[in-house]
Amino acid sequence: MLDDRARLLLKALVERYIADGQPVGSRTLSRASGLELSPATIRNVMSDLEDLGLIVSPHTSAGRIPTALGYRLFVDTMLTTQSDPFMNTPGLGPQILAPDQPQKVLSSAAHMLSSLSQFVGVVMAPRRSSVFKHIEFLRLSERRFLVIIVSPDGDVQNRVIFTEADYTQAQLVEAANFLNSHYAGMAIEEVRERLKNEVEALRGEIATLMQTAVQVSSEAIEAREEVVISGERNLLTVSDFSSNMGNLRKLFDLFEQKAQLMKLLDVSSRAEGVRIYIGGESQVIPYHELSVVTAPYEVDGRVVGTLGVIGPMRMPYEKMIQIVDITSKLVSTALSHGK
């Protein structure tokens with residue numbers, strides 16, 4: 001679509017705009033590109049790039065800035081990633097190494113993504129199994145009990161339940177033994193359905209206890225935190241956003257609700273390597289001011305989640321790719337070692 005001269009000028013324009021945040025004029029572009037071209041020639045090429053929808057002139061400025069399409073062409077065909085010294089910073093890896101505490105790994109990873117990028121770091125937690133390996137009941141006080149659910153991967157969920165009837169600890173042990181012997185290894189949802197049909201085999205009060213416990217177990221699994229977000233306040237210092245309070249409010253609503261983020265990260269988990277979504281092109285996060293750089297992470301070779309950086313379209317993509325890529329590798333290593 002572009003000849004070599006136009007590609008060089010577009011690459012120089014995008015790099016200069018990312019670095020300075022100011023519309024790029026023909027004189028600046030001539031120096032940045034290193035090409036021996038007359039101002040008239042450069043203006044003609046810029047006019048062609050504008051006709052193709054790759055750059056645009058904001059307001060009455062003589063300079064140009066890249067469009068989302070221009071950024072996409074730059075990222076797909078002109079970006080070369082090289083080793084960056086900051087990635088070898090001592091202590092970078094240990095920031096997220098807590099293999100015995102998976103949630104801490106994810107929180108530390110989100111913080112590291114945010115700290116290194118100066119934008120927003122997001123991590124989608126691994127989908128926890130709804131299968132239970134073991135269940136226990138502990139009497140706390142009259143009609144108040146603790147339900148402890150252990151998943152096959154060792155994840156533990158605790159929930160307090162309140163019942164209309166009171167139970168002795170012996171009755172609680174009986175109920176737990178029945179569930180563990182008959183239903184261990186099944187999904188909580190399946191256990192709930194089967195209990196509806198099999199309660200006749202049990203004493204009524206024990207059946208009621210188990211149905212209540214299975215219900216709160218299901219709610220505990222559904223209520224887990226799916227997305228860890230760090231650094232939202234960084235966007236307050238990004239001029240691309242801070243000049244428009246309406247845009248800022250939309251962004252903070254996005255982080256608050258998390259549903260759209262979950263969709264995007266879920267889609268990204270089915271892709272290999274680093275993915276870049278520019279200017280609302282994901283359809284999932286329809287904000288033209290945003291770009292998202294994501295990568296999946298693994299546990300023992302199996303993709304279990306996604307992480308990434310959210311920032312303005314005018315972000316240093318080469319650096320973001322490196323940050324996201326190395327963080328995904330560190331998280332994969334930490335979680336795999338923790339198993």
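The values are calculated or read from the model by the stated rules, or taken from the named source; none is laboratory data. Just so you know, these numbers come straight off a predicted model, no measurement behind them. In this analysis, Cβ positions are derived from the backbone assuming ideal geometry, glycine residues included, and neighbour counts consider all displayed protein chains. These accessible areas exclude ligands, DNA and RNA; they are computed on the full protein's heavy atoms, side chains included. Shrake-Rupley method; radii C 1.70, N 1.55, O 1.52, S 1.80 Å.
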Going through segment 223-268 in order, the residues found to be in contact with a strand residue (DSSP E or B) (Cβ under 7 Å, 6 or more places away or on another chain), at pLDDT below 80 and not in a helix (DSSP H, G or I) are GLU226, LYS258
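From VAL147, VAL173, VAL156, VAL105, which residue is out of contact with any Lys or Arg (no Cβ under 9 Å at 6 or more places or on another chain), surrounded by 17 or more Cβ atoms within 10 Å (Cβ to Cβ) and among the β-branched types (Val, Ile, Thr)?
Criteria check complete, one pass: VAL105.
Suppose we filter GLU281, GLU318 for residues that are closer than 23 Å to ALA68 by Cα and at pLDDT 80 or above; which single one remains? Can you show your working first?
Values: GLU281 fails: at pLDDT 80 or above.
Being closer than 23 Å to ALA68 by Cα and at pLDDT 80 or above holds for just one of GLU281, GLU318, which is GLU318.
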SER115: passes all of (1) open to solvent by 50 Å² or more (accessible area, probe 1.4 Å); (2) touching a strand residue (DSSP E or B) at 6+ places or on another chain (Cβ under 6 Å); (3) in a helix (DSSP H, G or I); (4) of a type in the set (S, T, N, Q) but (2)
Checked segment 15-49 for anything in contact with a strand residue (DSSP E or B) (Cβ under 9 Å, 6 or more places away or on another chain), closer than 19 Å to PRO316 by Cα and assigned to a helix (DSSP H, G or I); matches are ARG16, TYR17, ILE18, LEU29, ALA32
Is it fair to say GLU164 is in a loop (DSSP other than H, G, I, E, B), at pLDDT 80 or above and open to solvent by 80 Å² or more (accessible area, probe 1.4 Å)?
-> yes
